[in-house]
Amino acid sequence: MKKFAVILYPDFSLQEITCLTSVLTLWFGEKLDFIASEDKEYLSEEGFVIRPTKIIGNIKAKNYDCLILPGTMNPLPALYDEKLIDFLREGIDSRTVFAAISSSPILLSKSGVLKNKKFTAGYFMQMTDTFDFIEKKNFIHKGIVEDKNVITGIGMFFKEFAEAVLRRFDYDIGDHFMTEKADDFTEEELTFYWTDDDYKEFLDELKSYE
């Protein structure tokens, strides 16, 4: 099993990462940690409330195979969270893969993770002129960019972002990851049955509700 974690901060975007996290957990049985700098509830852009399972200060970035950074419409609280930035900085020379989408690559820039690495991001380009720690010359205007242990993506390409991360860790996701259309399937392919053992397990569970 790999060690994956999602980093939480104010106004984080679930929509941009749930394609990835659902495949990790439902397809491949991975367990995710949810990391934040404080033990409190964090409100997503979509209005969901999530409490972290691990607190920065008690863990090390280098102990994870992959850290997933969701985007946020308001990156400033995370950008000026020194506990978070220091946590990311500690993983610079590790084997940890940093997977950042939308605005979150700015956090990797500030922490130094993106130093001398090509990247993309979904923030407004004036940000590159505002903050001198962003290496504008390494900004690549593509949907997904991979450089060494960093995968970055623009928010609208959340499926491609998920695919890049999953393929980095050699998960078997086939040749057409989430690109099928409803009309591509037959009636038979859209008719679902449990195995006999799974159906028996369901019936046994059902008895506890009756």
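Restrict the search to the range 87-154; then list the trypsin sites (Lys or Arg not before Pro) that DSSP places in a loop and that have at most 12 other Cβ atoms within 10 Å of their Cβ.
ARG95, LYS115, LYS148
Restricting to DSSP H runs of at least four residues, report the calculated mean residue ellipticity at 222 nm for the chain, -39500 (n - 2.57) per run over all residues, nearest 500 deg cm²/dmol.
-6500 deg cm²/dmol
Any idea what angle helix 158-168 forms with the longest principal axis of the chain, computed on alpha-carbon atoms, 0 to 90 degrees, nearest 10?
In the chain, helix 158-168 runs at an angle near 90 degrees to the longest axis.
Within the set LYS60/LYS142; LYS62/LYS115; LYS62/LYS83; LYS83/LYS137; LYS115/LYS148, which residue pairs have Cα atoms separated by over 20 Å?
LYS60/LYS142; LYS83/LYS137
Could you tell me how many degrees, from 0 to 90 and to the nearest 10, lie between the Cα long axis of helix 196-207 and the main elongation axis, the longest principal axis, of the Cα atoms of the chain?
Long axis of 196-207 versus the principal axis of the chain: about 90 degrees.
Say the dipole of the range 1-40 comes from +1 at the beta carbon of Lys and Arg and -1 at that of Asp and Glu; which of MET1, LEU26, SER13 then lies farthest toward its positive end?
MET1
Cut-off 10 angstrom, C-alpha nodes, Gaussian network model of the chain. Which of THR191, THR18, THR96 fluctuates the most?
Looking only at THR191, THR18, THR96, the largest GNM fluctuation is found for THR191.
For the chain, what ratio Rg/Rh do Cα atoms give with a Kirkwood hydrodynamic radius?
Answer for the chain: 1.04.
Report, in cubic angstrom per residue, the convex hull volume of the C-alpha atoms of the range 132-172.
75
Per residue and in Å³, how big is the convex hull formed by the alpha-carbon atoms of the range 120-210?
In the range 120-210, the Cα hull volume divided by residue count equals 227 Å³.
Rg(Cα) of the range 1-74 divided by 2.2 N^0.38 Å?
Ratio of Rg to 2.2 N^0.38 Å for the range 1-74: 1.05.
For LYS136, list the aspartates and glutamates whose Cα falls under 17 Å from its own Cα; do not include residues on the same chain fewer than 8 positions away.
GLU146, ASP147
Using only C-alpha atoms and all pairs of different ones, pull out the Kirkwood radius for the range 151-203 in Å with one decimal.
14.2
Taken together, the values in this text are just the output of simple stated rules run on the coordinates, not laboratory data. The structure displayed is predicted, hence computed values, not measured ones. Using ideal geometry, Cβ is built from the backbone for each residue, glycine included, and neighbour counts are taken over all protein chains shown.
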